[in-house]
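Would you mind keeping the following structure in view while I ask a few things?
The values are calculated or read from the model by the stated rules, or taken from the named source; none is laboratory data. Model, not experiment: these values are computed from the prediction. Ideal geometry is used to build each Cβ from the backbone, glycine not excepted, and the neighbour counts take in all protein chains shown. Side chains included, ligands, DNA and RNA excluded: accessible areas come from the protein's heavy atoms. Shrake-Rupley method; radii C 1.70, N 1.55, O 1.52, S 1.80 Å.
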Amino acid sequence: MPKSLKFLAGAAIAAALVVVTTAALPRTDRAQAQPARSVLQTAVFAGGCFWSEEKAFDGLPGVRSAVSGFVGGRTANPTYKQVVRGGTGHMEAVQVTFDPRVVSYRALVDRYWRTIDPTDPNGQFCDQGPSYRAVVFATAEQRAAAVASRDAAMRVLGKSFTTPVVGVQRFWPAGPEHQDYARRNRAHYEAYRQGCRRPQQLRAIWGDAAVG
């Protein structure tokens, strides 16, 4: 047999062996051979100033990103000025993208309560008004964990919360000037934080468990 035919015959046999070998693998092994699908999930929390909420979650183990934005309103692509002026129905919020293999959704909600005053229905600290209300936006799968976290936190404080757990709504990212604000504008953010007496008020509510 000419060398060229021998080569073609050998290649055909090798290809057949690959097909047979792959087909013979258990179904689970073949599934594992496929590229892993993304397991990342998102959580959305409104809690007053989104600079502070973003800072509270950014950099946590398992958190891939924390994005400041708006949620709960009627206007598409709202701007910061529109939301602050009022009338759009939006609240300032943070969208947390996380890896549930590292940090659970329940752990994130547990942390969220300690970044806010959950007994204030009108806003947070010096930021008062509809756009600063505190709300947990949960998917159907997240709701049970969010409610359980809320109930546990209420028992810790011994008070009723006015912060509701509601269904998810469209999240709109804020402009780039608001992203990573606390890190990029440390002096200005710290002046806001202290002027608002945020650390002192959180500590008065949560003690050493306060975040922010």
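Condition first: open to solvent by 60 Å² or more (accessible area, probe 1.4 Å) and in a loop (DSSP other than H, G, I, E, B). Now tell me which residues in segment 163-177 satisfy that.
Taking segment 163-177 as the starting set, the residues that turn out to be open to solvent by 60 Å² or more (accessible area, probe 1.4 Å) are 168-170, 173, 176-177.
Once the filter is applied, which keeps residues that are open to solvent by 60 Å² or more (accessible area, probe 1.4 Å) and in a loop (DSSP other than H, G, I, E, B), segment 163-177 yields Val168, Gln169, Arg170.
Tell me the helices (runs of 4 or more DSSP H) entirely within segment 41-126 that contain at least 1 residues that are out of contact with any His (no Cβ under 7 Å at 6 or more places or on another chain) and among the β-branched types (Val, Ile, Thr). Working first, answer last.
Working: elements: 50-57, 80-85, 105-113.
Where helices (runs of 4 or more DSSP H) fall fully within segment 41-126 and carry at least 1 residues being out of contact with any His (no Cβ under 7 Å at 6 or more places or on another chain) and among the β-branched types (Val, Ile, Thr), they are 80-85, 105-113.
Here is a further query. Can you go through Arg170, Arg198 and tell me which one is in contact (Cβ under 8 Å) with a residue 24 or more places away in the chain, under 19 Å from Phe57 (Cα atoms) and basic (Lys, Arg)? Before you say what the answer is, go through the steps one by one.
Details: Arg170 fails: under 19 Å from Phe57 (Cα atoms).
Selected residue: Arg198, the only one of Arg170, Arg198 that is in contact (Cβ under 8 Å) with a residue 24 or more places away in the chain, under 19 Å from Phe57 (Cα atoms) and basic (Lys, Arg).
Just name the residue that is farthest from Pro78 (Cα to Cα) out of those in segment 186-210 that are open to solvent by less than 50 Å² (accessible area, probe 1.4 Å) and part of a loop (DSSP other than H, G, I, E, B).
Applying the filter and picking the extreme gives Ala210.
Among the listed residues Asp180, Asp151, identify the single one that is surrounded by fewer than 19 Cβ atoms within 10 Å (Cβ to Cβ), within 18 Å of Asp58 (Cβ to Cβ) and among the acidic types (Asp, Glu).
Details: Asp151 fails: within 18 Å of Asp58 (Cβ to Cβ).
Result of the check over Asp180, Asp151: Asp180.
Counting only residues that are surrounded by fewer than 18 Cβ atoms within 10 Å (Cβ to Cβ), under 14 Å from the mean Cα position of the chain (by Cα) and in contact (Cβ under 8 Å) with a residue 60 or more places away in the chain, how many does segment 106-148 have?
0
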